[in-house]
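The values are calculated or read from the model by the stated rules, or taken from the named source; none is laboratory data. Quick caveat, the model's predicted, so the values are computed rather than measured. Positions of Cβ are generated from backbone atoms using ideal geometry, with glycine treated the same way; all protein chains shown enter the neighbour counts.
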Amino acid sequence: MPGPRRFLLLGAVAGFLFFSCAGPEPGFVFRDAEGRAVGLKTEGRGSLLPGGGLPPEREVVFSFRKPLAVEEDGMALHLLGRGPAGGRILSAHGVGRRGPGDPVVSAPLPGLPGAGKPDGTLEFFLLLPRGVYGGFALRRAPAGEKTPSGDGGGGPFQVLEAGIRGHRREAGVSPRGILAASDLNLEIRRDSCVFRTAPAGAGGGNALAVTLWPPAGAGPELLLSGGGGSFRARITPRPVPETFYFHPPFLGFPPETIEVRGLPAEAGLLLRSLPRRDWEKGAPSFDPIPTDLRLLAEGLPVWRRPDFEVFSWNLFPEILLFDTRDYGIQNRLFHRLAFFTEKKGFRGSLQPDGVIQDRHGWNAHNYSAEGLAAFFEAARRASFPLNEMEVWLGEYLLSRGVLKKNADAFAPGRGGVLGVSRESSPAHRRLLLTHEIFHGIYYELPGYRRLVENTWDRLPPEQKEFWKLFLSWMQYDVTDPGLLVNEFQAYLLQQPPGAADEYFRKTVTSRILARYPERGEWFEELFRRHPRMFAAPAGILSAHLEAALGVRGGEVFSLHP
C-alpha cells in the first residue's frame, strides 16, 4: 500500500537562496494535500494586479517559500480561478539556485469566453510526477504559439486559490467549469472539442465516461477512434445531465481521440478517464457495467461470463439490466418471479418447476424492488427450494442495494431489475427493451408515476374495460391495481404516441378477437365513441417524460447512428 502523503518543506538554507529575489506574497492561499498553507511569493518580471488578476506581462512565477516535495503518484497541481483562461500555459517548476528552475510539466489551459461554474470560477488539474518543486508559473503564450482557445481576451484571469490535490483524470468545457488534465489533452476548435488520451500501449486504453449537460437544439455528434477502430453517434439532447460509458472490450478498440462536434455554447461536456475497475473483463467481482441503451440493444460483444451479463442504465444507475444468452438462462433467473408477481392465477404463490416449466413466461422482464423483496421473503418464510441462479440473484441484489434485510427478512431497497435476451431478434429485442425501460422509469420517477395513476383514473369505464380485457388476455393478473396501471403505461409508450391508435385498434384487437369473437361489435362501438383513446393518453405521458427526461414514447435511446 502507498505510504502517507508527504510534502516536505526542505532546509532553511535552500529557502534563503530560493527567495533572495522574491516579490510580495500573492493574494491567494496555496495549500498542500493535507490542507496546510504553504508560503508563496511572486518572482521575476510579472506581478499580480490588485485582486490577484494576471497582468498583461508574458509570465508570472509563483515560488514556494520552501521547496515542496511530492512523493506520491497521482497528485496534481490544482488551480481555481475566475475569468478568461484561454491562451495561458500552466507549468510546475523544479528547484533552481535562485528560484524556480526549469518546467517539469506544463499544459495549456483551455477556456471559452463566459465559461465557468455558476459562481464564475474555473478549475484546472495538472498531473505532477514525483519530485521536488520550487513553484509554478502562468504565462501567456507567445504570439503565434498555438493554444487550445485563442488568446483568452476579456480581462485578467484571477487566481483564487491553488494547491496540491489528488489528480482528477478529467477534461472538459462547460458553463459549469473547465477541468484540464495533462493525460487528457483538450483542444477547443471553432465547432468542436477534441480530447486526446494516452495510447493504449503507453498506459492508456482505459474506459471513458463522457458527461453531457443539457444542450439546446440539435444534439451534438460524438466520434471515438483509436487502435484502428472507430465509433460514431449522434447524442439525443436531454434536459438532464447524462453520462455515456465506453469500455474498450465492448467497443472493440481503445478510444484515444474523442471529438464532440456541434456542441452548443450553453452546453457542458466533461470527459473522465476511468482506471480499470471491478467491472472490467476478468475482474473477480461483478459490478454492473454502466451503459447506454443503444449499446445494450446492439448486444455488446464481450461478456465476463458466458451465460449472462449485468449492466446499469446510465440515466438511472440503480436500474439493473440483465442480458441473457437465451431464454433458458432468462427463465432460470426470472421465470418463477414472473408467475409470483404478475401471472393470472399464480400471483402471490411460489410454484415448483413441475407446475410452471412448460408454461410460457415472458421474453423480457421487469421487477421493482418491492416485488423482488416480496418474492424472496416469501421463499425464505416457506423454506421454498429456489434454484441456484435464483439464490445467486437474491444475494447479488442484496449486494447492490436493490434488496436489503431487516434482521433476516428481505425488504425493498432501491431501483429495480429489467431483463432481455439475445435470443430475441434485433427488432423484437429493441421493442422489448423499450417496453421494459418504461417500467424502469415508472419505478424511478414518482412524479411520472402519479401522472400515470391520475391518467388511468380519468379514463372512462369502457376504456378501462378494454385494458383489463387486453392485459387479462396477455395473462396478467388485472386484480392487482399497481400491475394494471404499470402495464397500461408501458404498452402505451412502447411505440410513438402517433402510432398507438393503429397498433391497438388493428394489431392488438385482431388478436383479441381471435380469442373473443363475440366482442367485435363492442370494439367497433368503443372505437367510434373514442377515436383517440390510445393516442391521447400516450401523448400526455410522452410529453411529460420528454420535458422531464428527454424520453418520449417509442424512443428511449440516447445514442443514434
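Quick look at the values:
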quantity: Considering residues of the range 421-456 that are under 23 Å from R505 (Cβ atoms) and in the same structural domain as I512 (by TED's automatic domain parsing) only, the residue nearest to the chain's Cα centre (by Cα); calculated: V452
quantity: Helices (runs of 4 or more DSSP H) enclosed by the range 479-518 - at least 1 residues per element that are in contact with a helix residue (DSSP H, G or I) (Cβ under 9 Å, 6 or more places away or on another chain) and of a type in the set (K, R); calculated: 509-515
quantity: Positions within the range 285-312 being within 20 Å of the chain's Cα centre (by Cα) and of a type in the set (K, R), in sequence order; calculated: R294
quantity: Failed item in (1) surrounded by 15 or more Cβ atoms within 10 Å (Cβ to Cβ); (2) within 20 Å of I441 (Cβ to Cβ), with V508 passing the rest; calculated: (2)
quantity: Selected residue [surrounded by 14 or more Cβ atoms within 10 Å (Cβ to Cβ) and closer than 24 Å to K468 by Cα] from L393, L398, L431, L386; calculated: L431
quantity: Residue tally, condition at pLDDT 90 or above, exposed (fewer than 15 other Cβ atoms within 10 Å of the Cβ) and either of a type in the set (D, E, K, R) or part of a loop (DSSP other than H, G, I, E, B) (or both), over the range 224-238; calculated: 1
quantity: Qualifying residue in the range 300-307 (condition: part of a helix (DSSP H, G or I) and assigned by TED's automatic domain parsing to the domain that holds L403); calculated: no
quantity: Answer from E390, E377, E395 - the residue that is in a helix (DSSP H, G or I), in contact (Cβ under 8 Å) with a residue 40 or more places away in the chain, of a type outside the set (A, V, I, L, M, F, W, C) and farther than 30 Å from T236 by Cα; calculated: E390
quantity: Residue within the range 159-172 that is modelled with pLDDT of 80 or more, touching an Asp or Glu at 6+ places or on another chain (Cβ under 7 Å) and outside the structural domain of E259 (by TED's automatic domain parsing) present; calculated: yes
quantity: Residue within the range 387-394 that is among the small types (G, A, S), closer than 21 Å to L320 by Cα and at pLDDT 95 or above present; calculated: yes
quantity: Meets criteria (out of contact with any strand residue (DSSP E or B) (no Cβ under 9 Å at 6 or more places or on another chain) and in contact (Cβ under 8 Å) with a residue 12 or more places away in the chain) for L350; calculated: yes
quantity: Residue ID - surrounded by the most Cβ atoms within 10 Å (Cβ to Cβ), chosen from residues in the range 353-383 that are in contact with a strand residue (DSSP E or B) (Cβ under 6 Å, 6 or more places away or on another chain) and among the hydroxyl-bearing types (S, T, Y); calculated: Y367
quantity: Failed criterion for R196 (all others in (1) more than 28 Å from E71 (Cα to Cα); (2) touching a strand residue (DSSP E or B) at 6+ places or on another chain (Cβ under 8 Å); (3) surrounded by fewer than 21 Cβ atoms within 10 Å (Cβ to Cβ); (4) at pLDDT 70 or above hold); calculated: (1)
quantity: Residue check for E521: under 30 Å from the mean Cα position of the chain (by Cα) and charged (D, E, K, R); calculated: no
quantity: Qualifying residue in the range 512-534 (condition: basic (K, R), out of contact with any Lys or Arg (no Cβ under 7 Å at 6 or more places or on another chain), without any contact (Cβ under 8 Å) to a residue 60 or more places away in the chain and within 26 Å of K343 (Cβ to Cβ)); calculated: yes
quantity: R414 vs. criteria buried (at least 16 other Cβ atoms within 10 Å of the Cβ), charged (D, E, K, R) and in the same structural domain as F339 (by TED's automatic domain parsing); calculated: no
quantity: Members of the range 433-472 that are polar (S, T, N, Q) and free of Cβ contacts under 8 Å to residues at least 12 places away in the same chain; calculated: N454
quantity: Verdict on L403 being under 23 Å from the mean Cα position of the chain (by Cα), modelled with pLDDT of 95 or more, buried (at least 21 other Cβ atoms within 10 Å of the Cβ) and closer than 22 Å to E546 by Cα; calculated: no
